[in-house]
1. Looking only at the stretch 161-192, which residues have a backbone nitrogen under 13 Å from a spot 7 Å from the Cα of I151 in the C-beta direction?
2. Test of the criteria: in the stretch 1-69, which trypsin sites (Lys or Arg not before Pro) are in a DSSP loop and have at most 10 other Cβ atoms within 10 angstrom of their Cβ?
3. Provide the FRET efficiency to the nearest 0.05 for the W100-L68 pair, computing r from the beta carbons and using R0 = 41 Å.
4. In nm, give the distance between the simple-model label positions of I93 and I181, each being 7 Å from the Cα along the Cα-to-Cβ direction.
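Computed from the coordinates by the stated procedures, all read-outs in this text should not be read as laboratory data. Predicted, not measured: the structure shown is a model, and the values here were computed from it. Methodologically, a virtual Cβ is constructed for each residue, glycine included, from the backbone with ideal geometry; neighbour enumeration extends over all protein chains shown.
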Amino acid sequence: MNTKIIKTSQVKPNPNNPRLIKDSKFKQLVKSIQDFPEMLNLRPIVVDENNIVLGGNMRLKACIEAGLKDVPIIVASELTEEQQKQFIIKDNIGYGEWDWEVLANEYEAQDLSEWGLDVWQQPSEVDYSLLDEEDLSGELADMADGVKKAIQIEFEPSHYDEAVALVKFWRERGAYVGYMIMQYLKEEKDKL
């Protein structure tokens, strides 16, 4: 398979692609393409023989938004209809997990945020006022943009100091600890 460059207008979005990127995430994608368009050559849009997108629907939309007139594509004409459907889904699944230590020690939180990685947030705007509230629906609806809410997590006395030290370690590195915990809990739930 060879990469070729064609007019953006010749590539057709796939109406059956279930993956969406909206709002601020989409704006980040547009910005990343504007800042680093060479990345598209390394990860071209994958299309079928009719130039319908199999992989890169949102990249195509972001390229159009960014004003690109041409895009690199790979034509995957040898795929069966079933393989095309599989590709659409598998291309959008995020396998693997982040190595938190490498992220914390080798990357700047500001860069990661600008590149679209959600795991890093500055902990300066955390509102701890709702600890132990049972019905948060009203308060959550009234939340100001960008302000995180806190919940209480119970620890055995023998684990408390270690938990405090770990949370402090990650907060000092600008980590969004709540997201890290949520991701871990989701992964453990999926194992059940």
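1. Correct set: 178-186.
2. Working: sites: K4, K7, R19, K22, K25, K27, K31, R59, K61, K69; in loops: R19, K22, K69.
Filter output for the stretch 1-69: K22, K69.
3. 0.75
4. Those two pseudo-labels are separated by 3.0 nm.
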